[in-house]
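Everything on this sheet refers to the single structure shown next.
The values are calculated or read from the model by the stated rules, or taken from the named source; none is laboratory data. What you see is a predicted model; the values in this text were computed from it and never measured. With ideal geometry, Cβ positions are generated from the backbone for all residues, glycine too; neighbour counts draw on all protein chains shown. These area figures cover heavy atoms from the full protein model, side chains too; ligands, DNA and RNA do not enter into them. Shrake-Rupley method; radii C 1.70, N 1.55, O 1.52, S 1.80 Å.
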Amino acid sequence: MNLSSQDHVAEILNVEREQHGVPERDPIIVESWLRCMNEHQLDPTVAREVWILQETLLREHQERMEEFMHTARFGLESLYRQVAGMGYVVLLTDPKGITIDFMGDPTFDNQLRKAGLYLGADWSECYAGTNGVGTCISTGKPLVVHQSDHFDSTHIALTCSAAPVFDPYGQVSAILDISALKSPLSKSSQHLALQFVKLYSHRIEKANFLKEFGKEWIVKLGSSQEFIDVDPEYLLALDGSGRILGFNQQARLLLEREVPGRHQEDLRGCRFEELFECSLEHLEKFVLSRPADQRSLRTATQRRTLFAQVAPPPRSVSPSQRANSVRRLSSKPSLVEELTGGDPVLMRHLERAARLVNSNVSILLSGETGTGKEYFAKALHRHSTRADRPFVAVNCAAIPESLIESELFGYAPGTFTGAQAKGKRGLILQADGGTLFLDEIGDMPYALQARLLRVLSEREVLPLGAVTPVSVDVRIISATHHDLVQLVHQQRFRDDLYYRLNGAVFELPPLRERQDFSWLIKKFLGRIGGSVAKVSPEAMHLLKRHSWPGNLRELSNALEFAAAVGTDGVIRAQDLPELFLNLPSGRLVDLHADYAHSLYSNAKSADHSLSTSFPTKECSPAKVQSPEAQHLETALSQHQWNASATARTLGIGRATLYRRMNRFGIIPPNRR
């Protein structure tokens, strides 16, 4: 323990002995220190490493907060733009202090993870001691925990500014925090950071409130008539009889001042007329039918003047319209049914994606070439409310760099020599109202990424040679086979654009890892049409043992070739391209014996696992030298090559397990 850490521990222990604060410490910090020692039983002399949750546990926390995270994402992006380049990381945690979303410079990933400024970090006060997130949860108040304010000496280099986000019922639903690895010594240097966090926590809270009560009467109140329409301070939700259903935190504090002694539980159910000098009938006149200066009312007790805006609930859908909608939906397969025949990895992705089809959350699809990223994007578009609007696909790698700007953004008449006389409407504007699919986004020239970022953040396009920007409403889905974080490290991809695109990330599994191979064969044959109805067992065996470097695209080409060559409606082994036979002169010498052997192996596999009935010793490949590879193969062997059980034991996802096996060249016994 270094000298500064010793001094820090001595100060905390002195506070415990004296049971009172010291002049240079805020009372809220001293109270937290005492709480850490007396209630949480933490020892200040023991430095505790940051706890990062395993991926499976983190996913459970994220899934519980999924809808809220989608609502909050734009707030996180906006806040990060304000502090980007200043060394800050933006964190969003759940009510238990688990970091469920974050934004920071990806080039500092290792340092951020070590410091706990990372996805999955546990910042609860009972574990990490006094810190921005944990102490904010305990007090329900925005605060700065600066350097040696932290209880644990592990964190005294950090500065953290945090603010609670309340749900419409007055409970803390999340914590918004910005933290930095380094900062000036003075705590006052973080005053502006705290104001930013408070501002955006209120914005997220309001957005969540409006989403929660989108079908009710919404009353917006504020002290300023100029800002009531754009940034109201107080929000109330009313039912049809004028009773209060919910409120934002500022409105709760206002109402508690109006009715002293009544808490948030008592305020819900109160009639609006009890708290304001305004009848429900009179309130209906405030539905934007008057100028703001004529929409004033007063509180009932303190007679404070406020300006109001009222939003009625949306018109209800008629029974006939609802029935027609249901019929349209039931006439087509679900997103899951359309894209997989039961592959568990893909099903998990699709179940999450199905909840995002009608949101404006940007989606990033990653995966090897040919894994079906564009087909995935088109399916999302078809199942959304934008289905009757354009789906515009842009291959950022295929358009010449000299033309990509004019292709994407368009140009005004006479912008350059050779331009069309009437100008050109760019691909982004062509997608207005629909979906813009940016394929191979990692290959977009760096100089154009800033312009694309403006389109995504401002929702407007400035064509080349034009003066006035044009508003555009597009859903952005992008795709890449690159590691974008690695490109950010190499300064070939903008970090702010990366965070704008990765609202939801789905990594599509390669064909060799998919467990619905037979379903895919049937799907492709149905698409090819003609007289081909099935694949012989020998041909199916050859198809399954192929490594498929080209993934779905290669499978489609192989089946089209075999269907054209084959006869009598059956694809046989000899109909496949020469590459699949891999035998001298195309002869199928030992194919039947090999196929019979594989039948026995596959019959013993359970639940699409990697298990096999053959003894591991007989089937094990040459010994792998890497200790990590040996550990992985040992774990697989102990679980009889069951992928699900092995992944659970190692605390990783199945997709990660498959990637590691592929990297180390570990082949399951039933595929050797």
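Taking into account only those residues within segment 103-124 that are among the aromatic types (F, W, Y) and crowded, with 19+ Cβ neighbours inside 10 Å, which is modelled with the lowest pLDDT?
Selected residue: Y118.
Provide a single number: the residues in segment 234-263 that are in a helix (DSSP H, G or I) and surrounded by 15 or more Cβ atoms within 10 Å (Cβ to Cβ).
Result for segment 234-263: 8.
Taking the stated definitions as given, is G426 open to solvent by less than 20 Å² (accessible area, probe 1.4 Å), over 24 Å from the mean Cα position of the chain (by Cα) and over 27 Å from E351 (Cβ atoms)?
Yes.
Residues that are of a type in the set (S, T, N, Q), at least 1 per element: which strands (runs of 3 or more DSSP E) completely within segment 423-519 meet that?
Answer list for segment 423-519: 435-439, 475-480.
Quick check on segment 310-332. Is at least one of its residues hydrophobic (A, V, I, L, M, F, W, C) and either under 30 Å from S644 (Cα atoms) or modelled with pLDDT of 75 or more (or both)?
Within segment 310-332 (the criterion being hydrophobic (A, V, I, L, M, F, W, C) and either under 30 Å from S644 (Cα atoms) or modelled with pLDDT of 75 or more (or both)), the answer is yes, since at least one residue qualifies.
Restricted to segment 171-203, and to residues that are of a type in the set (S, T, Y) and open to solvent by 10 Å² or more (accessible area, probe 1.4 Å), which residue is nearest to Q249 (Cα to Cα)?
S173
Please work out if F102 is among the hydrophobic types (A, V, I, L, M, F, W, C), assigned to a helix (DSSP H, G or I) and touching a residue at least 12 places away in the same chain (Cβ under 8 Å).
Taking the combined requirement at face value, the residue does not satisfy it.
Check off (1) among the β-branched types (V, I, T); (2) at pLDDT below 80; (3) surrounded by 16 or more Cβ atoms within 10 Å (Cβ to Cβ) for T656 and give me the number that stays unchecked.
Condition not satisfied by T656: (3).
Name the residue, out of E55, E49, E39, that is in contact with a Ser or Thr (Cβ under 8 Å, 6 or more places away or on another chain), exposed (fewer than 13 other Cβ atoms within 10 Å of the Cβ) and closer than 17 Å to W123 by Cα.
Checking each option against the conditions leaves just E49.
Kindly evaluate S531 against the criterion of being farther than 22 Å from T369 by Cβ and either surrounded by fewer than 20 Cβ atoms within 10 Å (Cβ to Cβ) or at pLDDT below 90 (or both).
yes
Would you mind telling me which numbered condition in (1) within 25 Å of P184 (Cβ to Cβ); (2) open to solvent by less than 80 Å² (accessible area, probe 1.4 Å); (3) under 19 Å from the mean Cα position of the chain (by Cα) L92 fails?
Only one criterion is unmet by L92, namely (1).
Taking the conditions exactly as written (of a type in the set (D, E, K, R), closer than 17 Å to L194 by Cα and surrounded by fewer than 19 Cβ atoms within 10 Å (Cβ to Cβ)), does K141 satisfy them or not?
Criteria met by K141.
Kindly provide the set of residues from segment 557-577 that are assigned to a helix (DSSP H, G or I), open to solvent by 30 Å² or more (accessible area, probe 1.4 Å) and either free of Cβ contacts under 8 Å to residues at least 12 places away in the same chain or within 20 Å of L508 (Cβ to Cβ) (or both), ordered by number.
Within segment 557-577, N557, A564, V565 qualify.
Please list, ordered by first then second residue, the pairs with beta carbon atoms under 7 Å, 6 or more apart or interchain, first in segment 534-547 and within 12 Å of F517 (Cα to Cα) and outside any strand (DSSP E or B), second modelled with pLDDT under 85 and among the polar types (S, T, N, Q).
Qualifying pairs under 7 Å: H541/S598.
In this structure, does L221 turn out to be under 14 Å from A300 (Cβ atoms), touching a Pro at 6+ places or on another chain (Cβ under 7 Å), crowded, with 19+ Cβ neighbours inside 10 Å and among the aliphatic types (A, V, I, L, M)?
yes
Quick one: which residue in F493, F506 is open to solvent by less than 20 Å² (accessible area, probe 1.4 Å) and in contact with a His (Cβ under 7 Å, 6 or more places away or on another chain)?
Testing whether each residue is open to solvent by less than 20 Å² (accessible area, probe 1.4 Å) and in contact with a His (Cβ under 7 Å, 6 or more places away or on another chain) leaves just F506.
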